[in-house]
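Okay, so here's the structure we're looking at.
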Amino acid sequence: MRHLLAVLEVIFDTVLPLRGRSARTKARTADEIPLCPTVHELLQARITTLMDYRQSEVQDLIRSLKYDGSRHAAQLAAQLLADYLREEISSHRSFSQQKVLIIPVPLHSTRARERGFNQIELVLQALPQEFRDGTLATLMPGALVRIRATSQQTHLHRSLRLSNVAGAFAVFEATFVNKKLVFLIDDVTTTGATLVNAATPLRRAGADVTLLALARA
C-alpha cells in the first residue's frame, strides 16, 4: 500500500506542479528543519512545542502539511516527533509501567469533510510502527472527538480563544484512557487554548496528559 502511494505521489508531482512551499519541503531532510523545543504554560498546563513557526523551513513544513496534505511533510514531521517521543517514553518507562497512548487533537466532522484529512493524524500515522502498535505506545485517533464546531482559532483575538473551544471535546470511551499516559498532539499552537481544552475531558476520564505541538506560532 505504501509503495502504491509513493508511485501515485510521483505521478501527481509530474502532472500537477507542486506549490512553492511543498516543493521546498520536498527537497529538505529532517536534519534541515530547525528544532527549538520550548515549554510554555496556560492555566497551569505545560505545553511543549518542538519548532518555531517563524522559521521559514518550519512554516513551509506546516503549511505543506496543513493545506496541501503533503505526504513528505508528514514523514519529516513524524521523524522529528519520533525522536522526541522516544526519549520521553523511555524516561517515563524508567519509573512507571503505565501504558502510553498517542492521541491527535481531532477536527470536527464538518471540517474533516471539507479538508479531507486531519493534518496531525497524517503525521501520527507516519510514525514508526512501535509508536502505533503498543510496543512503545498505542495510536488512538478516535479516543477524543470534537463534539462542537468552532471558529478557527487563527481568526480570533487571544482573549476569545479559550471560550471558543471550551466544551468542544469529549472522550469517546473513558476506559480507553483511564490510568494511561496520553500524549495529546496538535500541529500548531499559539496560546495553547485548543490543547488545554482538549485535555480537560481526558483528565476527567483519569488520564495523565502531556500536551505537545509540532510548532508554536
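Can you say whether residue 65 is within 22 Å of residue 145 (Cβ to Cβ), in a helix (DSSP H, G or I) and touching a residue at least 60 places away in the same chain (Cβ under 8 Å), as far as the supplied structure shows? Here the answer is yes, as residue 65 does meet what is asked.
Quick check on residue 193: is it within 17 Å of residue 81 (Cα to Cα) and in contact (Cβ under 8 Å) with a residue 24 or more places away in the chain? The answer is no for residue 193. Screening residue 49 on (1) touching a helix residue (DSSP H, G or I) at 6+ places or on another chain (Cβ under 6 Å); (2) within 18 Å of residue 105 (Cβ to Cβ) shows it passes everything except condition (1).
The condition of being closer than 25 Å to residue 172 by Cα, surrounded by fewer than 18 Cβ atoms within 10 Å (Cβ to Cβ) and among the hydrophobic types (A, V, I, L, M, F, W, C) holds for residue 45. Remark: residue 70 falls outside the filter, which requires a residue to be under 21 Å from residue 195 (Cβ atoms) and either free of Cβ contacts under 8 Å to residues at least 60 places away in the same chain or surrounded by fewer than 21 Cβ atoms within 10 Å (Cβ to Cβ) (or both).
Within the stretch 98-154, the set of residues being assigned to a loop (DSSP other than H, G, I, E, B), exposed (fewer than 14 other Cβ atoms within 10 Å of the Cβ) and β-branched (Val, Ile, Thr) comprises 135, 147. If only one of 95, 131 is more than 14 Å from residue 183 (Cα to Cα) and hydrophobic (A, V, I, L, M, F, W, C), which one is it? Of 95, 131, the one residue that is more than 14 Å from residue 183 (Cα to Cα) and hydrophobic (A, V, I, L, M, F, W, C) is 95. Does the stretch 109-116 contain at least one residue that is closer than 23 Å to residue 174 by Cα and of a type outside the set (Gly, Ala, Ser)? So far as the stretch 109-116 goes, no, none of its residues is closer than 23 Å to residue 174 by Cα and of a type outside the set (Gly, Ala, Ser). Each residue in the stretch 30-45 was checked for being closer than 23 Å to residue 78 by Cβ, outside any loop (DSSP other than H, G, I, E, B) and touching a residue at least 24 places away in the same chain (Cβ under 8 Å), and 3 pass. The number of residues in the stretch 1-29 being assigned to a helix (DSSP H, G or I) and modelled with pLDDT under 65 comes to 14.
The values are calculated or read from the model by the stated rules, or taken from the named source; none is laboratory data. Because the structure is a prediction, the values reported are computed rather than measured. Every residue, glycine among them, receives a Cβ derived from its backbone with ideal geometry; neighbour counts consider all protein chains shown.
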